[in-house]
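Worksheet for the structure shown next.
The values are calculated or read from the model by the stated rules, or taken from the named source; none is laboratory data. Quick caveat, the model's predicted, so the values are computed rather than measured. Reconstructed Cβ throughout: ideal geometry from the backbone, glycine too, with neighbour counts over all protein chains shown.
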Amino acid sequence: MSRQKLQELKINIRRRIVGKDEIIDYLIAALLAGGHVLLEDVPGVGKTTLAKALADSLDLSFARIQFTPDTLPSDITGMNLYRPATGSFELMPGPIVRQIVLADEINRTSPKTQASLLEAMEEHTVTIDGTTIPLEEPFMVIATENPMDAIGTYPLPEAQLDRFMMKLSIGYPSGQDTLEMADRFLDGSLAEPLRPVITAAELLEMKAAVCRTAVHDELRRYIAELIRQTRIQAETRYGASPRAVLVLIRASQARAYLEGRDFVIPEDVVSMARVVLPHRLVLTAEARMARVTGAQVTDRAIAAVKVPGLS
């Protein structure tokens with residue numbers, strides 16, 4: 001049943017997003033792995049549309065936060081509101097107290113406001129004036145951002161980036177996909193409302209199955225060595241964090257589950273490493289000047305580690 005539900009989820013999202021099956025698979029894998037996703041790309045390629053398509057396909061509570069330069073932390077987390085009629089304060093949770101949260105254009109707001117998401121993303125709680133509220137599971141943040149050289153953007157700090165399981169780029173559609181998108185726009189099918197196809201209980205059951213997906217001892221050592229390699233590359237100032245080890249394991253389990261297996265294979269690890277690791281690497285000034293990217297360093301780390309032959 002879960003396989004059928006996942007197929008329905010993919011079909012649902014494809015009604016809004018044309019020709020980006022790999023990105024859709026990564027997004028669903030992050031959902032199953034309990035991770036958060038950062039979508040970075042130029043304006044107009046469908047970042048917000050993709051996030052909303054996923055949210056509309058799930059029977060979960062949803063909030064969209066439009067980040068602007070004057071957005072305050074309390075606009076995200078909530079506040080205690082004074083009621084003159086009763087002479088008391090009422091706790092008013094903010095939009096972060098939802099199950100799927102779209103943080104749209106997250107790098108258009110100040111670092112102080114960006115940091116208001118940290119507790120929710122890591123601990124699945126939010127603290128308002130000393131009162132801690134647990135967030136309802138499942139919980140996921142999908143953030144969008146424009147490239148860092150765009151006007152009016154604030155770079156996300158390393159601590160924030162490390163809390164995103166994956167960083168994805170949608171990219172421009174192909175010529176054929178562009179024509180299909182135009183046809184579907186003209187006949188109205190691109191804007192048809194989506195119905196939820198997966199409930200919270202079903203999603204939690206799938207996430208539990210992902211956690212049970214077997215990871216061979218050799219693969220664990222392979223992942224550990226892959227992470228170590230990111231730290232000793234000449235271009236890295238700081239390599240992948242210990243959190244990256246755990247995140248890569250879980251993401252690899254999710255990919256295996258999506259592929260219909262109850263065990264992880266090396267291809268799962270390599271595929272997920274390319275979206276889990278690059279944004280976590282802090283490069284040296286020389287590497288940045290030479291326009292070296294985190295993706296290139298990740299590929300070099302992958303090439304440096306022998307792929308295990310599982311028995």
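For segment 74-91, a tally of residues being aromatic (F, W, Y) and more than 21 Å from V126 (Cβ to Cβ) returns 0.
Flag: V245 matches the condition of being in a helix (DSSP H, G or I), at pLDDT 95 or above, over 28 Å from Q4 (Cβ atoms) and among the β-branched types (V, I, T). With respect to the conditions (1) farther than 30 Å from F139 by Cα; (2) in contact with a strand residue (DSSP E or B) (Cβ under 8 Å, 6 or more places away or on another chain); (3) in contact (Cβ under 8 Å) with a residue 40 or more places away in the chain, R231 lacks only one, and its number is (3). Of everything in segment 2-30 that is without any contact (Cβ under 8 Å) to a residue 24 or more places away in the chain and in contact with a helix residue (DSSP H, G or I) (Cβ under 9 Å, 6 or more places away or on another chain), the residue that is farthest from I170 (Cα to Cα) is K10. For segment 260-311, a residue qualifies if it is in the same structural domain as D217 (by TED's automatic domain parsing), more than 21 Å from the chain's Cα centre (by Cα) and either hydroxyl-bearing (S, T, Y) or closer than 30 Å to Q4 by Cα (or both), and the qualifying residues are G260, R261, D262, F263, I265, P266, T284. Evaluating G35 against the criteria (1) under 18 Å from the mean Cα position of the chain (by Cα); (2) within 17 Å of L204 (Cβ to Cβ); (3) in a helix (DSSP H, G or I) leaves one unmet condition, (3).
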